[in-house]
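Take a look at the structure set out below.
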Amino acid sequence: MTRVAWFQPFSGIAGDMALGALVDAGADVDEVRALIGLLPVVDLPASNWALTAEPCLRGGITAVDVRVAAEDEATHRSAREILAMVDAADFPDRMARRVRDTFEALAAVEGRLHGIPPDDVHFHEVGAIDSIVDVVGTCAALEVLDIDEVGSTSVATGTGSVESAHGTIPVPAPATIALLAGAPIHGTDVAAELTTPTGAALLAATVTAWGSMPAMVVEATGHGAGDRDLDGRPNITRVVVGTLDESTATSESDRGLGRGSGQPMEVLEVNVDDATGEALAHALARCLEAGARDAWVTPIVMKKGRPAHVVSALCDPTDVAVVADVLTAETGSLGVRAYTVRRWAAPRTMDEVEVDGHLIAIKVTAGRAKAEHDDAARAAVATGRPLREVLALAEAAWRAAGSQGDHGLG
């Protein structure tokens, strides 16, 4: 069974609202605090902090109001500083990935908006302790609830304008609208910033499927409170927590590979007719390093019978600018094509086995196991075994673990 958390941000979403909803859905506050406490910044003397989660009413509906009180001397922090803190924290792997992805998404968008490298972005509101705790706390709550997949319905954005470190900006904020590229959003007549950049970044980094909720067995619902009342609607974000159940699936998109409307992705392409095989391989590797989920080369025939190749990269909407820059730099192309696709991914987990004293990651999906090539290749070099033998041994070790309780061979 795949455990899912499906957000319904009908009144928008912010970091504290997401965290409040997950706490209301059952995430233990003490466990969340303990995971947040692994972040080095919260141990600094100048960064004393406290997280409270109290019940409240918003529009007649009970919700959890999360507040972070902090003494913080820093007026801003760079993306590089925050990511270094994340890397230094001993978070569980899944939580660490979600936290890092959230801050990387913010940095990529802010960098593109301000024309600077992502690592050099200085966060103002997001760099404050309370916002850092909101992000880390939300990812911690997902971990406490053992959530495998996150989904969301359409995101309400609000209207009007707000004050920021860069002056008066429209609602939704430029960073918010950029982070939600490819996601379903809708405006409202509420003159307020319903969705903040932090809330948008959390969705951009964690959501794997957008749209209506899939067939699922509901375990709990939670409401996270915004910081004020709104006219005509409760200022809350709702989350539904449960498990996907194949027996309750009602459509093809609810079964097997898909849930909801799928995850929006971007495909970038360039045509190249003057590159060597080595140059093409290097371009693929650089795209993957830049954040592409996949990259490939397709042979084509261009006008006048010229043989050529299409270099393609699949990436998240937040990574389009970075990957496009890599494609043009590495191929010399004068332009990049882009189009939106939707991806349905089978639920998967990662396991680990030992072969001749070397740890090899195993990707498990639908009862099938596949050893990670890079780990197996390193083990093959170290042991002198053929690569195919190491792959076979690793997968055999995983299969044997179910009955023997052992994760090692050799």
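Here are some notes:
- Residues that are modelled with pLDDT of 90 or more and either over 17 Å from residue 198 (Cβ atoms) or buried (at least 18 other Cβ atoms within 10 Å of the Cβ) (or both) within the range 57-81 comprise 57, 58, 59, 60, 61, 62, 63, 64, 65, 66, listed in sequence order.
- Selected residue [modelled with pLDDT of 90 or more, under 27 Å from residue 244 (Cβ atoms), out of contact with any Pro (no Cβ under 6 Å at 6 or more places or on another chain) and crowded, with 19+ Cβ neighbours inside 10 Å] from 376, 394, 371, 380: 371
- Look at the range 1-20: where a residue is in contact (Cβ under 8 Å) with a residue 60 or more places away in the chain and a partner is aromatic (Phe, Trp, Tyr) and crowded, with 24+ Cβ neighbours inside 10 Å, sitting 6+ places away or on another chain with Cβ atoms under 8 Å, you get 13/7; 18/7.
- Check on residue 274, in the same structural domain as residue 312 (by TED's automatic domain parsing) and either at pLDDT 95 or above or over 12 Å from residue 6 (Cα atoms) (or both): yes
- Residue in the range 222-245 that is in a helix (DSSP H, G or I) and modelled with pLDDT under 90 present: no
- Under the condition of being hydrophobic (A, V, I, L, M, F, W, C) and either touching a residue at least 60 places away in the same chain (Cβ under 8 Å) or within 23 Å of residue 237 (Cα to Cα) (or both), the residues counted in the range 52-96 number 11.
- Qualifying strands (runs of 3 or more DSSP E) (wholly inside the range 97-210; at least 3 residues being free of Cβ contacts under 8 Å to residues at least 60 places away in the same chain): 161-164, 167-170
- Qualifying residue in the range 334-350 (condition: in the same structural domain as residue 281 (by TED's automatic domain parsing), under 30 Å from residue 271 (Cα atoms), touching a helix residue (DSSP H, G or I) at 6+ places or on another chain (Cβ under 7 Å) and at pLDDT 80 or above): yes
- Failed item, numbered, when residue 331 is tested on (1) within 18 Å of residue 111 (Cβ to Cβ); (2) polar (S, T, N, Q); (3) buried (at least 16 other Cβ atoms within 10 Å of the Cβ): (1)
- Residue within the range 101-115 that is charged (D, E, K, R), more than 13 Å from the chain's Cα centre (by Cα) and surrounded by 15 or more Cβ atoms within 10 Å (Cβ to Cβ) present: yes
- If you go through the range 1-38 and keep only what is of a type outside the set (A, V, I, L, M, F, W, C), part of a loop (DSSP other than H, G, I, E, B) and more than 26 Å from residue 230 (Cα to Cα), you end up with 28, 37.
- Filter result for residue 188 (surrounded by fewer than 20 Cβ atoms within 10 Å (Cβ to Cβ), touching a Gly at 6+ places or on another chain (Cβ under 8 Å) and closer than 17 Å to residue 17 by Cβ): yes
The values are calculated or read from the model by the stated rules, or taken from the named source; none is laboratory data. Predicted model, so just to flag it, every value in this text is computed and none were measured. We place every Cβ from the backbone using ideal geometry, glycine too, and count neighbours over all the protein chains shown.
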